[in-house]
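To start, the structure under review is shown below, and the notes come after it.
The numbers here are math on the coordinates, done by the rules we state, and not lab data. Quick caveat: nothing in here was measured; it's all calculated off a predicted structure. Because the Cβ atoms are built from the backbone with ideal geometry, glycine has one as well, and the counts that use them run over all protein chains shown.
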Amino acid sequence: MATRSPATSWQTATVVGIHRETDRAKTFRLRLERPTLHVAGQHFVIRLTAPDGYTAMRSFSVASAPDGTPELEFTVERLDEGEVSTFLNDVVEPGDELELRGPIGGWFVWEGTTPALLLGGGSGVVPLMAMLRLARRTGRSDLVRAIFSVRSPADLYYAAELPGPETTVVFTREASPATTRSPGRLTKEDIPVRSAAGATAYVCGSTGFTNTATDLLMGAGWGAQDIRVERFGPTGTC
Amino acid sequence: MSKFTRGFTGRLHRERDVRLPPGQYDTGSNWPVLTAEPTPRLDTAQWWFGVEGLVEQPTRWSWDEIHALPQSTYEGDIHCVTSWSKLGMTFTGVSVDTVLAIAKPLPSAAFVLAISHTGYTTNLPLADVTNGRAWIVWDVDGQRLPVDQGGPARLLVPHLYFWKSAKWIASLRLLEHDESGFWERNGYHDRGDPWLEQRYQGD
């Protein structure tokens, strides 16, 4: 069990880069005023404040692995009803300042030293990307298997960076010409059996995705205690 | 006071509902699901709920036995630490006062560790689950509590952030000292009062 993380306070970060991932999502690179070391899988809270003092805040998973810089990346899907996600996607520009607080979370985290299966659906790939990036940065890709499930190639985040021997992308509606698997939801053929002792499965996505994925994992010999889940609904992380 | 964010007016939420604690928004008809573990399938034929620890009479109830106790309803709001609130909900079950009256807490009992059938835990002062402020519930808005929302039965402590309302509740263990639960060991506040914004350790 991870230890209690210290209390964190609000700080200001400057947007130093914005990259469009898909039609509905952008990655924001933020430089923190007070650099902080995060663990892959953790999240931050971003707070917006209006001139009359009204505030809105939401949690966002870090997409980047700790890299020794005072910068962090967040990938934010634009949800039509999402007050914060629409603002970030539609209004924020490089040079803007945002308030944030973190890192938060001591459960859905991977330290980079134990075998891990990463199962992500849609925008649920974001905290898993931090884990995959950590594995690659530290030369421990052998510890990781990553399976990312998205509707179509146009919905895939980090498309250029993802391919690698440890990574499989599953398309549910429309496959890329480069794949041989027919489009369709995750099935038991997509799930590796739990072979390594001490392996943990990290599952992140919608409720439907995480329920399907955990059922498949348990069918493939994974125990409930080997599975960590992070879920979000349409408004849970907007 | 926080800094203004360039270009942000918050126009979607001009009329702020007085039932919303600071930093919370109204999720409307949505009820987001946030859990950390696989959803368990608990059969009500094997289900049980118990009160244990510092009590005169450790007690377990089956599904039928707990339904035979006097029922109690909560009508009001719930607040998740991830900043959504859901207003005007109705939960039905049994008051924690009712099960404690049967188990009879010892004078030394001051805290509660709520334990789920999954192993999830959360800690509360005993005073936060007594005097009509906590329930074991199995119906929400007239329907069976969905399994993703903690069915067949969950703890409901609506005056605290909702992670305190342990899903798939198995037992309340009465203790002399406070013992941090799952999220409390992972950075979240020990009490979690939404009106004081006690979200994380140190708030």
Practice problem: Please give, to one decimal in nm, the separation of the simple spin-label points placed at residue A:93 and residue A:81, each 7 Å out from Cα toward the Cβ. | Solution: 3.1
Quiz item: Taking Cα centroids, how far is segment A:160-203 from segment A:14-84 in Å?
Solution: 27
Quiz item: What is the gain in length, in nm to one decimal, between residue A:71 and residue A:195 on full extension, counting 0.36 nm per residue of separation less the C-alpha to C-alpha distance?
Solution: 41.1 nm
Exercise. With both partners inside the protein assembly as shown, how many of the DSSP beta bridges are antiparallel, as a percent to the nearest 5?
Key: 70
Quiz prompt | Amide H partners (placed H, <5 Å) of residue B:33, local residues excluded | solution = A:233
Quiz item: residue B:90 to residue B:130: extension gain in nm, 0.36 nm per residue of separation minus the Cα-Cα distance?
Solution: 12.5 nm
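What FRET efficiency comes out for residue A:12 versus residue B:18 if R0 is 30 angstrom and r is the Cβ-Cβ distance? Round to the nearest 0.05. Could the numbers behind the result be given before it?
Values: r = 30 Å, r/R0 = 1.01.
So the FRET efficiency works out to roughly 0.50.
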Quiz item: Alpha carbon centre of segment A:94-130 versus segment B:172-203: separation in Å?
Solution: 23
Quiz prompt | Pairwise label distance in nanometres, residue A:160 with residue B:177, each label 7 Å out on the Cα-Cβ vector | solution = 5.6
Quiz item: What list of ³J(HN,Hα) values in whole Hz, one per residue of segment A:22-29 in order, does the Karplus curve 6.51 cos²θ - 1.76 cosθ + 1.60 (θ = phi - 60°) give from phi, with Gly and Pro shown as x?
Solution: 9, 4, 10, 8, 10, 9, 10, 9
Practice problem: May I ask you to sort B:175, B:106, B:155 by Cβ crowding, counting other Cβ atoms within 10 Å and putting the fewest first? | Solution: B:106, B:175, B:155
Exercise. Give me D for segment A:140-217 in µm² s⁻¹, whole number, from Stokes-Einstein with Rh from the Kirkwood sum over alpha-carbon pairs, 37 °C and 0.692 mPa s.
Key: 243
Quiz item: Once label points are set 7 Å from the Cα along Cα→Cβ at both residue B:144 and residue B:44, what is their separation, rounded to one decimal in nm?
Solution: 0.6
Quiz item: Okay, helix-only estimate at 222 nm for chain A: each DSSP H run of n ≥ 4 adds -39500 (n - 2.57), divide by all residues, round to 500 deg cm²/dmol; what do you get?
Solution: -4500 deg cm²/dmol
Quiz item: Can you list residues whose amide H is under 5 Å from residue B:81's amide H, if they're 5+ apart or on another chain and H is modeled 1.01 Å from N?
Solution: B:162, B:163
Quiz item: When DSSP assigns beta bridges and you keep just the ones with both residues in chain A, what percent turn out antiparallel, to the nearest 5?
Solution: 60
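Given 0.36 nm per residue, what is the gain on full extension from residue A:34 to residue A:176 after removing their alpha carbon distance, in nm? Present the calculation step by step, with values, prior to reporting the outcome.
Working: separation 142, 0.36 × 142 = 51.12 nm, distance 4.18 nm.
Extra length from residue A:34 to residue A:176 when fully extended: 46.9 nm.
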Quiz prompt | Over segment A:72-161, volume per residue of the alpha carbon convex hull, in Å³ | solution = 143
Quiz item: Once all Cα-Cα distances of the protein assembly as shown are split into 20 Å bins that start at 0, what whole-number percent is in each one?
Solution: 25, 56, 19, 0
Practice problem: May I ask you to list the lysines whose Cα is less than 17 Å away from that of residue B:167, ignoring any residue fewer than eight positions away on the same chain? | Solution: B:86
Exercise. Before rounding to the nearest 500, sum -39500 (n - 2.57) across all DSSP H runs of length at least 4 in chain B and divide by the residue total; then give [θ] at 222 nm in deg cm²/dmol.
Key: -2000 deg cm²/dmol
Quiz item: In whole Å and largest first, what semi-axes does the C-alpha gyration tensor of chain A yield when each eigenvalue is scaled by 5 and square-rooted?
Solution: 29, 21, 16
